[in-house]
Amino acid sequence: MRRRGIFVTGTDTNVGKTVVSAALFHRYRRQASLCYWKPVQTGIEQDDDTATVRALGACAEREIFDRGVRLPRPVSPHLAARWAGERIAIAALRALWEEAPSDVGWIVEGAGGVLVPLNETELMVDLMRALQLPILIVARSTLGTINHTLLTVEAVRRRSLHVAGVVMVGPPDRENRRAIEAYGDVAVLGEMPVFEPLTVEALRAWAEEALDPHGRLREFWA
Ligand SMILES: Nc1ncnc2c1ncn2[C@@H]1O[C@H](COP(=O)(O)OP(=O)(O)O)[C@@H](O)[C@H]1O
Ligand SMILES: [Mg+2]
């Protein structure tokens, strides 16, 4: 069965995928039952995106699906798995997801970007294809982002996946936004500023006002 939701990817690691995932709860949880899933987490001792989303998204237990591959070393998934004597298998992740509730809108967060290897033959984009979700791309707002974002859009579309939109993170840059929208033929659904400090309240206030103001993601939860 095809499930509802989106897959949150990024142009890079550390661009803001986890913070955007948390922001989506503040924007949409009154309109839909949402659930977050991080299928592959590397460097679990330093980075626990599930815990971060739970805190920043002020999530209830039912809003988090805390299963999947959890690896200690903070390196690419294919390598983290090899070093742990394991092998990540998309089929196994998909089977795990099938056990999760089906009546929710999913926010699935990848690791790194689209062409990150999971094992010797499969990439993160193959997991996106297996889950059949539209893709939300998180990108930096600053110089270099046009190239990285257009490359990501191209890689996603080449695999017949739908790009639901882009969220830019960092100091707003109107020209970069315009270029991504024009050359990528894609909607920028929000420009998330750098919060100092990053708090639940600051994230909620921004998400309610400025994340996907036209409600373009609504169709993916319905
Ligand atoms: N809008 C923001 N304001 C302040 N800090 C942010 C913001 N977005 C991300 N960060 C910080 O930047 C780092 C990377 O963000 P994260 O969402 O974890 O990236 P990713 O999931 O893409 O690896 C984290 O330390 C996070 O707290
Ligand atoms: Mg993350």
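The numbers here are math on the coordinates, done by the rules we state, and not lab data. What you see is a predicted model, and the numbers here were worked out from it, not measured in a lab. Heads up, the Cβs are rebuilt from the backbone with ideal geometry, glycines too, and the neighbour counts pull from every protein chain shown.
Put in line by how crowded their Cβ is, counting other Cβ atoms within 10 Å and starting with the fewest, LEU133, LEU123, LEU198 read LEU198, LEU123, LEU133. Shape analysis of the stretch 91-178 based on the Cα gyration tensor places the equivalent ellipsoid semi-axes at 27, 15, 11 Å, largest first. Amide H to amide H, with H built 1.01 Å from N, VAL188 comes under 5 Å of VAL166, counting only residues 5 or more places away or on other chains. Only the Cβ atoms of Lys and Arg (+1) and of Asp and Glu (-1) were treated as charged; on that basis the dipole of the stretch 4-221 about its Cα centre amounts to roughly 340 debye. Here the 3J(HN,Hα) profile of the stretch 64-74, calculated from phi with Karplus coefficients 6.51, -1.76 and 1.60 at θ = phi - 60°, is 10, 10, 9, 10, x, 7, 10, 10, x, 7, x Hz, Gly and Pro shown as x.
Counted over the chain with a bin width of 5 Å, the fraction of Cα pairs per bin, in whole percents, is 1, 7, 16, 20, 21, 18, 11, 5, 1, 0. Taking amide H atoms as placed 1.01 Å from N in the peptide plane, the amide H of GLY5 lies under 5 Å from those of TRP106, each 5 or more residues away in sequence or on another chain.
Can you bin every Cα-Cα distance in the stretch 125-218 into 5 Å intervals starting at zero and give me the percent of pairs per bin, rounded to whole numbers? Over the stretch 125-218, the share of Cα pairs per 5 Å bin runs 3, 13, 23, 22, 19, 13, 6, 1 percent. Along the positive direction of the dipole of the chain (beta-carbon charges: Lys, Arg +1; Asp, Glu -1; about the Cα centre), which of SER21, LEU143, ALA182 reaches farthest? With unit charges placed on the Cβ atoms, the residue in question is ALA182. Near the amide H of LEU217, within less than 5 Å, lie no amide hydrogens of residues on another chain or at least 5 residues away, with H placed in the peptide plane.
Under 20 Å from the 7 Å Cα→Cβ point of ALA32, by amide nitrogen: which residues of the stretch 58-91? Answer for the stretch 58-91: 58-66.
Projecting the Cα atoms of THR199, ILE64, ALA51 onto the charge dipole of the chain (Cβ charges, centred on the Cα centre) puts ILE64 farthest toward the positive pole.
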